[in-house]
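Down below is the structure, laid out as structure tokens.
The values are calculated or read from the model by the stated rules, or taken from the named source; none is laboratory data. The model shown is predicted, which means the values in this text are computed figures rather than measured ones. Here Cβ is always computed from backbone atoms with ideal geometry, including for glycine, and neighbour counts include all displayed protein chains. All accessible areas refer to the heavy atoms of the entire protein, side chains included, with ligands and DNA or RNA removed. Shrake-Rupley method; radii C 1.70, N 1.55, O 1.52, S 1.80 Å.
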Amino acid sequence: MKKVVFALIAGLMLMPISVKADEGMWFLMFIERLNHRDMEKEGLQLSSEEIYSINHSSLKDAIVQFNGGCTAEIVSKEALVLTNHHCGYGAIAELSTAEQNYLKDGFWAKDKTAEMKPKSLYVRFFVRMDDVSKRILSKVNDKMSELDRDKAIQQEIALIEKENSEGGKYTVSVRPFFQGNEYYYFVYQDYKDVRLVGTPPESVGKFGGDTDNWEWPRHTGDFSMFRVYADKDGNPAEYSTENVPLKPKHYLPISLKGVQEDDFAMILGYPGRTNRWMPANGIEQNIKFAYPAWVEGAKLGMDRMKVYMDKDATVNLKYASKYASTANYWKNRQGMIDALTKSGTVKTKTIQETKFNDWANKPENKAEFGNVMATINGYYAKTNLKSRHDNYLSQLMRTAAFGSAPANLGNTLLDYYNENEAKRAELLPKVNALIETVYGKFYAPLEKEVFIAQLNLYSSKGSEYGLSPMMSKWKEENKGDFTAYVNDAVSKSIFASKESVLNFMKDPKIENITKDPLYAVSNDLQTRVRAKSDEQNQLDDAFEKAFRNMVKGMRASSTSAIQYPDANSTLRLTYGKVRSLPKDKRNDAKINNYTTMTGMVKKYKAGDEEFDIPARLLELNEAKDFGQYADKAGYMPVNFLTDNDITGGNSGSPVLNGKGELIGIAFDGNIEGIAGDVIFDKKLQRTINVDIRYVLWIIDKYAGAKHIVDEMTIATDNLN
Ligand code: ARG
């Protein structure tokens, strides 16, 4: 008996860790071949066809990409859409005013007529995908330059897009995988009439704010609700009062049963980007050069914005979304620096690369792979300073509208006035839309201060790599302090406000753009962003080729155990379990895989920007008015943990049980596991989810919008 057990343990230890359920962002079309048996063992009760079928309705029909950057799910036969609060954030802020502040107070449409249409918001349904690797790679060969290779590939991609778009009905996208060793096409259908149905107040939807962001134990009700509208035949249509709710092919039933440690959990969604194949020196470059610059630039921008946001509710609404996304990545990048340093990822990867390099230099592999690692390592050594410079510059452009807008707008206007009357008439709506975009979320005093601070930082820290000749001159003339310069420029510039742009357009003189002092700086910065020396182009080409070959070689030699391609905003499935973290005295829950209302109230700070709780919610909790949503143990659940493999872009994704019923919405990862984008750590990495019972409790009892809950389907074996 003992012997058997010993053999079993030894056997387990020999098993490659990569086949464990939690790691992996899988393609739906390969579930049957790669994962289905494993998933069944873990607790899945659906067939692969019920998850992904081209001909019949399946789970995939209930999953949408939300506004390009998040995921959402359809939860009723009238196309109610559930996603995160932080995914709906921009739309909610846009629909709010200082008087009718839905970010602050929440909103629930009493009926369909009260649902609100934000300016631009779309959802994207996934229709089908297929492998076109052979077709595309037959057009290229190893002797081609990267430029020619790319041209040949783009030509073929254009054909594939045309063949599958059915005359514009579908959006077709062909994407590279495994660093360009494989290609797949994806067929999507976009719906643009998407309306806000409801949102909890920020004190629920963003409870814990940036302090709790990326942290566990967590108590955030990170959800908001929308509805997809279509024309009467179910086709996508521009907004119209004639439109009707879409009748979806599939929508998710809800489970109120609750979750327990080791329960099966799977997530479908659109993970944005991972870098699991990134070489050791790339990680080192990020830790030492790129991310520290990112963190410093982002923080500077945030701090300056905050001063003005705190003073004025209207300014706050204008900048809420930009601030939150800057803060989100600021904390993420600092977390990456810490986690990657601590976990010794660079060392692990270096060992792997050494093994690969030995293989690559065997006589039979040398011709194709011998130089790969040397090229890659040489590339990073030569681009460290550039990556630091680029990150300071990109944070400047991201946080300061005066950095990017005068060039964008100025160049658009230059093109516009270059055209004849007829063409101008055609272009005018676009010009006006751009003016709206720039100045719709714009407060000049704030912008001035952010711009000054960022120019000072960039011109100081970026000079080690090199500034443009103009920027060097400006820096010298101003002794590194752009305060007076920017103040003066803004006082004279066309681009200082919407009014001055419109005034310019009444009596346009082209030289007033080219001589404009803000345009001059902005255009110089933008040129710097885009500029690439011949030497840099050559470096990039060689790197791209080497990286592609590294991945090819590592797969051929099995030096890397990774069996799935990096995330790139295409639909993936990840499966795993409800899984606790080690006991944490900050969490009142019995097992550290969920949190409760009691724990949330412990964090409560009346009037605090991040930890306030609405009075009505406190009362409901006090009265234990949990309705059918409490756990059978009596507590009101808020969030729970799974070990699924997700990343940014998965935000809003459905968490499903073995029957395909909705048990939660994924909304975050934990800071200890944040290095997961580069190396998946089974011990540390978790997905943080809102419990669906909490979501429904808030809608039903707190918001009094029971009609919304009634629209959904609760799995019948849940009802008492
Ligand atoms: N960390 C979350 C994500 O990347 C976003 C959370 C937004 N909340 C915030 N406090 N900034 O999906």
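For an R0 of 41 angstrom, estimate the FRET efficiency from the Cβ-Cβ distance between V307 and K423 and round to the nearest 0.05. Write down the numbers at each step before the final one.
Working: r = 44 Å, r/R0 = 1.06.
Using R0 = 41 Å, I get an efficiency of 0.40.
Between E609 and E477, 0.36 nm times their residue separation minus their Cα-Cα distance comes to what? Kindly include the intermediate steps, with their values, before the conclusion.
Values: separation 132, 0.36 × 132 = 47.52 nm, distance 4.20 nm.
Fully extending the segment from E609 to E477 adds 43.3 nm.
How big is the charge dipole of the stretch 26-124 about its Cα centre, in debye rounded to the nearest 20, if each Lys and Arg gets +1 on its Cβ and each Asp and Glu gets -1 on its Cβ?
220
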#### Entry: Selection from V228, N621, A98, by position along the positive dipole direction of the chain (Cβ)
N621
#### Entry: Three-way shape call for the stretch 524-617 based on the alpha-carbon gyration tensor, with the a/c threshold at 1.5
oblate
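Heavy atoms only, probe 1.4 Å: what % of the accessible area of the chain goes to carbon and sulfur, would you let me know?
Values: 16680 of 32090 Å².
Of all accessible area on the chain, carbon and sulfur atoms account for 52 percent.
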### Query
What aspartates and glutamates sit close enough to K117 to cross-link, taking a C-alpha to C-alpha distance under 13 Å and skipping anything fewer than 8 places away on the same chain?
E94, D193, E238
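Using the Cα centre of the stretch 523-638 as the reference point, and only Cβ charges (+1 on K/R, -1 on D/E), how large is the resulting charge dipole? Debye, rounded to the nearest 20.
Numbers: 20 positive and 17 negative charges, 146 e Å.
The calculation lands at about 700 debye.
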## Note on the structure
Quick shape check on the stretch 239-377: root eigenvalues a ≥ b ≥ c of the Cα gyration tensor, a/c under 1.5 is rounded, otherwise prolate if a/b tops b/c, else oblate, and it reads oblate
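Sorted by average packing, counted as other Cβ atoms within 10 angstrom per residue and highest first, what order do 60-68, 159-167, 278-286 take?
With the highest mean Cβ count within 10 Å placed first, the list reads 60-68, 278-286, 159-167.
Net charge within 13 Å of K162 by Cβ-Cβ distance, Lys/Arg positive one each and Asp/Glu negative one each, not counting K162 itself?
Working: positive: K169; negative: E156, E161, E163, E166.
After counting each charged neighbour, the total is -3.
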### Task
With θ set to phi - 60°, apply the Karplus curve 6.51 cos²θ - 1.76 cosθ + 1.60 along the stretch 375-390 and write out the HN-Hα couplings as whole Hz, x wherever there is a Gly or Pro.
5, 4, 5, x, 4, 5, 4, 7, 10, 4, 5, 4, 5, 5, 4, 4
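Highest first, please rank the peptides 297-310, 703-716 by the mean number of other Cβ atoms sitting within 10 Å of their residues.
Details: 297-310: 19.5, 703-716: 15.9.
So the order, starting with the most tightly packed, is 297-310, 703-716.
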### Message
Could you give the length gained by full extension between K288 and A114, i.e. 0.36 nm per residue of separation minus their alpha carbon distance, to one decimal place?
### Response
57.5 nm
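Going by the alpha-carbon gyration tensor, a ≥ b ≥ c the square roots of its eigenvalues, is the stretch 140-220 rounded (a/c under 1.5) or, if a/c is not under 1.5, prolate (a/b greater than b/c) versus oblate?
Working: a/c = 4.80, a/b = 1.86, b/c = 2.58.
In terms of gyration-tensor shape, oblate.
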### Approximate spin-label separation D524-E163, in nm, with each point projected 7 Å along Cα-to-Cβ
5.1
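To the nearest 0.05, how large is the calculated FRET efficiency for A542 and N411 if R₀ is 45 Å and r is the Cβ-Cβ distance?
Numbers: r = 32 Å, r/R0 = 0.71.
Rounded to the nearest 0.05, the efficiency is 0.90.
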### Message
What FRET efficiency comes out for D262 versus K104 if R0 is 35 angstrom and r is the Cβ-Cβ distance? Round to the nearest 0.05.
### Response
0.30
### Task
Specify which residue in the list T574, Y485, Q536 is farthest towards the positive end of the charge dipole of the stretch 458-600, using unit charges on the beta carbon of Lys, Arg (+1) and Asp, Glu (-1), about the Cα centre.
T574
### Message
Suppose all protein chains stay in the model; what accessible area per residue would a 1.4 Å probe give for the chain, in Å²?
### Response
45
### Query
Do any of K247/K659; K110/K331; K331/K441 go past 26 Å between their Cα atoms, and which?
K110/K331
### Query
Dipole size in debye (nearest 20) for the chain around its Cα centre, Lys and Arg Cβ +1, Asp and Glu Cβ -1?
1280
### Summary
Karplus-derived 3J(HN,Hα) from phi for the stretch 418-429 (6.51 cos²θ - 1.76 cosθ + 1.60, θ = phi - 60°), whole Hz, x at Gly and Pro, runs 6, 8, 7, 3, 4, 5, 4, 4, 5, 7, 3, x
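By how many nm would the segment from R33 to K382 lengthen if fully extended, with 0.36 nm per residue of separation less the alpha-carbon distance? List each step's numbers first, then the result.
Values: separation 349, 0.36 × 349 = 125.64 nm, distance 4.25 nm.
That pair, R33 and K382, stretches by 121.4 nm at full extension.
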## Note on the structure
Distance in nm between K706 and E436 label points, each 7 Å along Cα→Cβ, equals 4.0
### Task
Using every pair of alpha-carbon atoms in the stretch 430-484, split the distances into 5 Å bins beginning at 0 and state the percent of pairs per bin, rounded to integers.
4, 18, 21, 15, 12, 14, 12, 3
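Quick check on the chain: helices-only [θ] at 222 nm, where DSSP H runs of length 4 and up contribute -39,500 (n - 2.57) each and the sum goes over total residues. Nearest 500, please.
Numbers: 28 runs with 331 residues, N = 720.
Taken over the chain, the calculation gives -14000 deg cm²/dmol.
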### Message
Greater than 19 Å separation of Cα atoms is the criterion. Which listed pairs, K104/K322; K60/K682; K257/K632; K382/K532; K143/K545; K41/K583, meet it?
### Response
K60/K682; K41/K583
### Query
Could you give P(r) for the chain, binned at 10 Å from zero, as whole percent values over all Cα-Cα pairs?
3, 13, 22, 26, 22, 11, 3, 0, 0, 0
### Task
Using +1 at the Cβ of each Lys and Arg and -1 at the Cβ of each Asp and Glu in the chain, identify which of V431, V307, T559 lies farthest towards the dipole's positive end.
T559
